[in-house]
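Have a look at the structure below before the remarks.
The values are calculated or read from the model by the stated rules, or taken from the named source; none is laboratory data. Note that this is a predicted model, so its numbers are computed, not measured. Glycine also receives a Cβ, built like all others from the backbone with ideal geometry; neighbour counts cover every protein chain displayed. Just so you know, the surface numbers come from the protein's heavy atoms only, side chains and all, with ligands and any DNA or RNA stripped out. Shrake-Rupley method; radii C 1.70, N 1.55, O 1.52, S 1.80 Å.
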Amino acid sequence: MQQPIYMPLNMTSTNDIRRSFLDYFEKNGHARVPSAPLVPQNDPTLMFVNAGMVPFKNVFTGLETKPYSTASSSQKCVRAGGKHNDLDNVGYTARHHTFFEMLGNFSFGDYFKDRAIELAWNLITREWGISADRLTATVYHTDDEAFDLWKKISGLPDSRIIRIPTKDNFWAMGDDGPCGPCSEIFYDHGDHIAGGPPGSPDEDGDRFVEIWNLVFMQFEQAAGRSFRSCRRRASTPAWAWSAYLRCFRVCMTITIRTCSVR
């Protein structure tokens, strides 16, 4: 059985995790953006903000610009209905809440997959000291670029960079608009917890928990069917990208607790 691996840094609460995350990305050139109100101000399609990217929705669709090209935030979210509904899972798993904070970092035509993976990996393994032996990455099954970058940057073996052919690893804002492959980071709580790695028949168990989701919005779709490249200008690798961590799941990982409800 794997032994608990504790953080070398003095972080014992979600406040510490939030502060460390925002400080890290600010140090790496990201504007620190405060959480938007829980009720969207200019989006009639949502009752509540359900993801960290919602306040930047108009930037992703090209309707709005910001005075910065990279940003980070800790966004308050509710998932109790609609496309992203965690309500039915609360109490049945150790990893779902209806109200939570989503830590996110965003690039609007600045950097893309290589820098995104590098920033995520360095924060988790170097700044927070989480053992790479506990981590597994997933990529969309056709995303060879992300697979190769994970091997190069993290040094993970092929067996722990898993290709997923389902919508779990392909994100879309809706039937129309930006979309693209995802790459997720999972933490292994150990074989004393039921469950298998992502993509396995036992993936719904609580042993392997997704703590970070990197979304590469390199396409735009129409009516949920056709795709086209989503380049904003020739000098940028893609439209935009974003990444999310659920703060309470990181806290679970750091404190080696398998239940986030205390």
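So here's what we get for this one:
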read-out	value
Residue order for TRP171, TRP150 - accessible surface, 1.4 angstrom probe, largest first	TRP171, TRP150
Amide H contacts under 5 Å for TRP171, placed H, 5+ residues apart	GLY180, CYS182
Among 154-160, 216-222, the order from most to least packed when residues are scored by Cβ within 10 Å on average	216-222, 154-160
Separation in nanometres of the label points that stand 7 Å from Cα toward Cβ, at ASP158 and LYS76	4.8 nm
Share, in percent, of DSSP beta bridges within the range 92-218 that are antiparallel, nearest 5	80 percent
Contour excess over end-to-end distance, with Cα ends at ASP43 and THR61 and 0.36 nm allotted per residue	5.2 nm
